[in-house]
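All remarks here apply to the structure that follows.
Just so it is clear, none of the values below were taken in a lab; they were calculated from the coordinates. Only a predicted model underlies this, so the values are computations on that prediction, with no experimental measurement involved. We place every Cβ from the backbone using ideal geometry, glycine too, and count neighbours over all the protein chains shown.
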Amino acid sequence: MSTRRPPRDHESDDPLWRAVTKDVKPLARRRRQPLPKAEPVQIQPKQPPKALPKKTIPALPAQAAPRPAPPTRRAKGLPAVEMRLLKSIRRGRTPIDLRLDLHGQRQAEAHRALERMLAGARLRGQRVVLIVTGTGLRRRLASERDPSEEGPGVLRLRLALWLSEPPFQDWVLGFSQAGPEHGGAGAFYVVLRRA
């Protein structure tokens, strides 16, 4: 049940209100300035952009005509080693058939060594290969750097690229980073297809 307040007696408030407002003067009324009338704006239709002048490409000499590149089967990337096989390798149940250490080699040397080793392993029926590239985090002095090197970890970065290109892409079933017991971030397991 709600209780209602009794109506206020306005007459009893009048003397109080007059006392409060006796010194109050009303503000002078300012006349509002009318807003200036806006002039109508003519909208011009859009004009199509001007055509850029065509650049002419000079014709190549007849002897330097580019040859079309031979079609290559380019893999988007190699799949990782199947998880069950990867666990088996890391636990030592599946033996590593061959190891290749690429530390300190230049890119061309490392590529040739990788090709020779994987071709031989495939012919011998070996399936699991451990390739050690190193992490490449060691810093060299400016005088020791070879200008052909692209930075730290070049072999580590190149290995994935090499394995996804011919002839390796037909030989390799998958690859994954090795576990800590086999070199961790600086080594990779490569599983070869059966010949």
Pairwise label distance in nanometres, residue 116 with residue 31, each label 7 Å out on the Cα-Cβ vector: 10.5
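Which ordering of 43, 96, 131, 89 is given by a fewest-first count of other beta-carbon atoms within 10 Å? Intermediate results must be reported in sequence, preceding the final value.
Details: 43 6, 96 16, 131 26, 89 22.
Lowest count first: 43, 96, 89, 131.
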